Structures are given as structure tokens and as C-alpha cells.
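Undergrad: Here it is, the structure, as C-alpha cells.
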Amino acid sequence: MRYHAREAAGPLSGTLRLPGDKSISHRAILFAAASEGTSRLTGVLDGADVRSTIGAVSLLGAEVAVDSARVGLDVTVTGWGESGPISPSTPMDCGNSGTTSRLLLGLLAGWDVTVTLVGDESLSERPMARVTVPLAGMGAEFTTRDGRLPITVHGGAIRCGIHTIPVASAQVKTALLLAGLRGQGRTVVTEPAPSRDHTETMLPAFGVEVGRDLDELSCWIEGPTVPTACDMAVPADPSSAAFMVAAAILVPGSDVVLPDVCLNPTRTGFLRVLHRMGADIGVDVRIDQAPERVGTVHARYSGDLVATVVESQEIPSLIDEVPILAVIASQAVGTTRFEDVGELRVKESDRLKAVHEGLLALGVEARSGPDWLEVDGRAELSGAELDSLGDHRLAMAWAVAASIASAPVVIDRFEAVDISYPGFSTDLASLSF
Ligand code: S3P
């Protein structure tokens, strides 16, 4: 679908309850599917990626009932628990979702099942060896297409051990911990920088203790263990909030309030960077909605942004927000530099290349290297024709850029927003009245 995104007619204002967090929704469904008993999950994101996870666990034998609710989906899951998943008779379609595929490979690694995972064109190009190689070392067998989907996993007896992973990836960390549920003893994962820690915060709610050494960036679980069902409310997604925060700080006179946002510090790097740049954003940690920190984000127009250096160690805490931060950087005084963002090349698209090229098309001076990006500020954005490349975060970043561009930005394949934020354009438009 071709979408014509236009300059905001005036200030944006209002209160928006954003859709549920994608990472937490995936994990809640997967952990519930692996549990003994029935879990009731509320506020689950009704997006294509999470639908892929729901479809996958149903195929594996979990009983899932899905109802539309005022906020997202109410999902009731009766897990396979002690008896384990079943081998489906058809391949399991993970759609566009890296989280679905990588977490499932870990979850299935220790069970006596044979499962083939497939995905769409983008997912079929993404690297999976980062999970299949360590999981094979733990005892599972994989047939892959040169380290990519389609992948067939044959589960095996899990050997526990100590894993030092080379990239800060919550998906890899989680896959190894989930395989460790079936091991005899301790599975330890150490990462090079802190990636999102929803698995560590959520597994205890499902009765699985997770040990952590925050200084060493290590976490571990003791197997064998079977999670137990629990009820959980999913907070709003800070990665979706980032687009509305950006629109508010860029469009003169705006004032936008976003309640119930997940404020887990491993997800809010973009708020810390924006504060450093001088953005007018209030954060009110209202309640501790265990197991995650939740609160209200209040963003106002911020005309005096200054450029910054976004450093290597903070990248994992804002990895999905780099496209929209780059759009914001185009309005700051000075040049903003993103260090060590090579991981962007293996997301739903090559986001580093796409962001660089998109910014140039919008009239922004920008430069990139193998793993860095520089964006010059104080740009006057022009209209442009851009392709989302089927990447939801690019589609939304370009739509927000349009709100301050001098002519419409035409975005091809805009339906990609449904991956994480169905209703994005309606929500953005609702702030204009
Ligand atoms: C996710 C982790 C991140 C992120 C992705 C969701 C998760 O990927 O980019 O959108 O839910 O664990 P990596 O862990 O591969 O960096």
C-alpha cells in the first residue's frame, strides 16, 4: 500500500494508550505455552509478529483462545507443560518475526520433536546461525539453508554450560536460556553489553528462577524445570512510543501524553539520549506493574535540540529506535553520531543503509560506514518517495519525518506498520484534533 504522509496541520496534542509491547507479548505467549496450567494474558499486542507466535504455539499443541479487548488482545493459553510440544505436520510460519523464530528454536531444542520453521522473504535472509550454532553445541540438531530459514530442528538431550555470546542480543540470550530449561544443571549466558532483559524479569513470574550478575552481564537458570502458568498484563510498547514522542518533540506547539508505557531501563535508551539532546520529556514511573516498570511519558515540542554521540554500550537499549532517532537528529544543532550500529544491517531490512538513503532523499546531510552513522542537523526536510522495504520501523520513521517536511512523503509498502503498530496512522492523526 502507498501511503501519502503529510506535514502536520498544527500542534499535536492528546493522550494515547499505545499497543502492547511486542517483546513482552511474544515472551508471555511462549512462556505460557511452555507452562503447566492456564495463563491469562491481557493487553497483548494485536500485531502480525505476535500473531505468528500465537499461530506457532497453537501448532505445537498449546491451547490458545484469543479475544479482542479494549486494549489489544486477551489471550488465554493452556500450555504443554511436562508433556512437551508436539511435532506439527506442516511447517511453522514465523512470518516476519525474528523473535518468534529465534526464541522457538531455543524452546524446542530440548524436546523430542522435529519442526520446520519458515518465514517471509525478509526473515529468510536474517542470520540464524547465531542461535543454531550454540544450540547445536547444547545437543539439538539443525538443518538450515546456509544458516538461514527454512530450518528444521530435531530436539535432543540438552548439555548445560557457559555461553559467552559475541553480540548483545536478547533473542540469542533468551533462546539459550529457554533451551537450558531442559538441561541438567546450570545454563549461563554472558553478553558484551546489556540487551533487553524481559526474559530475566518475566520467567520468575512463571515460576523459573533466573540468577543474574549485573556487573558481569551474566544470567543463568537451573534445569530441568517446567514453568507454571501465571496471569500477566502487557504494558504499552516503548518502541512504538518512540514514534509519538518524536512527532511531539518535532512539531511546534505539541504536547502528548502516553500512559502505561513499559519503562524497563534496557528499553528506554532513546529517552536518555533525547534528554541529553535537550528534549522536553517528562517520565513518571507511576506504578510498578510487576514484573516490568511502567509509567507515563509526557513529550512536548523541543525546538532547541543539540546533537550527541550515541555510544556503543547504549545501542542495545535503543536498537529499534535508531531510525526515528536519526530523523530527530536531523533537526538538532550539530552532527549526531551513532557508534557500533552494525546490527542494524541484519534487522527486518538493512536499516543502516535504508536510514542513510532515506535521510538523503529527504534533504538531510548524512554519512555512514560499515557500522556507524552520522546525521547533520538543522535540515529543512523536503518531500520524497520512499520504500519501507517491508520494514515497520522505517515506515513509521518516514511518516513522522513527513510531519515536518515541506511536501508529502510517499511511502511504499506502508502496510508493514501492522507488524508492530496496527492503527499507527489513525493514532497519529488523532493527535491533530
Ligand atoms: C528483541 C530483541 C532485539 C530487537 C527485536 C526484539 C526481542 O533483537 O531488535 O526487535 O524481543 O528479544 P536482538 O536481540 O537480535 O538485538
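The values are calculated or read from the model by the stated rules, or taken from the named source; none is laboratory data. Remember, predicted model here, so these are calculated numbers, not experimental data. Here the Cβ positions follow ideal geometry from the backbone for every residue, glycine too, while neighbour counts run over all protein chains shown. Accessible surface is based on the protein model in full, side chains and every heavy atom, while ligands, DNA and RNA are left aside. Shrake-Rupley method; radii C 1.70, N 1.55, O 1.52, S 1.80 Å.
Undergrad: Quick one: count up the residues across segment 228-264 that are closer than 18 Å to Pro323 by Cβ and either within 16 Å of the ligand (Cβ to nearest atom) or not assigned by TED's automatic domain parsing to the domain that holds Ser403 (or both).
TA: Of the residues in that region, 7 qualify.
Undergrad: Same structure again: Go through (1) touching a helix residue (DSSP H, G or I) at 6+ places or on another chain (Cβ under 7 Å); (2) open to solvent by 10 Å² or more (accessible area, probe 1.4 Å); (3) closer than 17 Å to Thr268 by Cα for Thr296 and report which single condition fails.
TA: Evaluating Thr296 over (1) touching a helix residue (DSSP H, G or I) at 6+ places or on another chain (Cβ under 7 Å); (2) open to solvent by 10 Å² or more (accessible area, probe 1.4 Å); (3) closer than 17 Å to Thr268 by Cα leaves (1) as the failure.
Undergrad: Go through Ala48, Ala28, Ala5, Ala32 for me and flag whichever is open to solvent by less than 20 Å² (accessible area, probe 1.4 Å), within 15 Å of the ligand (Cβ to nearest atom) and in contact with a helix residue (DSSP H, G or I) (Cβ under 8 Å, 6 or more places away or on another chain). Give the steps one after another, and end with the answer.
TA: Values: Ala48 fails: open to solvent by less than 20 Å² (accessible area, probe 1.4 Å); Ala5 fails: within 15 Å of the ligand (Cβ to nearest atom); Ala32 fails: within 15 Å of the ligand (Cβ to nearest atom).
Unique residue meeting the criteria: Ala28.
Undergrad: Of all residues being part of a loop (DSSP other than H, G, I, E, B), out of contact with any Pro (no Cβ under 8 Å at 6 or more places or on another chain) and not small (Gly, Ala, Ser) in segment 139-170, which is least open to solvent (accessible area, probe 1.4 Å)? Just the residue, please.
TA: Here the answer is Ile158.
Undergrad: Please work out if Asp197 is modelled with pLDDT of 95 or more, over 28 Å from Gly81 (Cβ atoms), open to solvent by 10 Å² or more (accessible area, probe 1.4 Å) and of a type outside the set (Ser, Thr, Tyr).
TA: Details: modelled with pLDDT of 95 or more: yes; over 28 Å from Gly81 (Cβ atoms): no; open to solvent by 10 Å² or more (accessible area, probe 1.4 Å): yes; of a type outside the set (Ser, Thr, Tyr): yes.
No: the conditions fail for Asp197.
Undergrad: Oh, and also: Give segment 330-368 a look and list any residue that's open to solvent by less than 10 Å² (accessible area, probe 1.4 Å) and out of contact with any strand residue (DSSP E or B) (no Cβ under 9 Å at 6 or more places or on another chain), or say none.
TA: Hit for segment 330-368 is Arg351, nothing else.
Undergrad: Can you tell me which residues in segment 171-192 are within 16 Å of the ligand (Cβ to nearest atom) and open to solvent by less than 10 Å² (accessible area, probe 1.4 Å)?
TA: Of segment 171-192, the ones within 16 Å of the ligand (Cβ to nearest atom) are 171-179, 189-192.
Of everything in segment 171-192, those that are within 16 Å of the ligand (Cβ to nearest atom) and open to solvent by less than 10 Å² (accessible area, probe 1.4 Å) turn out to be Val172, Lys173, Thr174, Ala175, Leu176, Leu177, Leu178, Ala179, Val189.
Undergrad: Out of the residues in segment 64-123 that are open to solvent by 50 Å² or more (accessible area, probe 1.4 Å), part of a loop (DSSP other than H, G, I, E, B) and away from the ligand (no atom under 16 Å from the Cβ), which is nearest to Ala48 (Cα to Cα)?
TA: Only one residue tops the list, namely Glu121.
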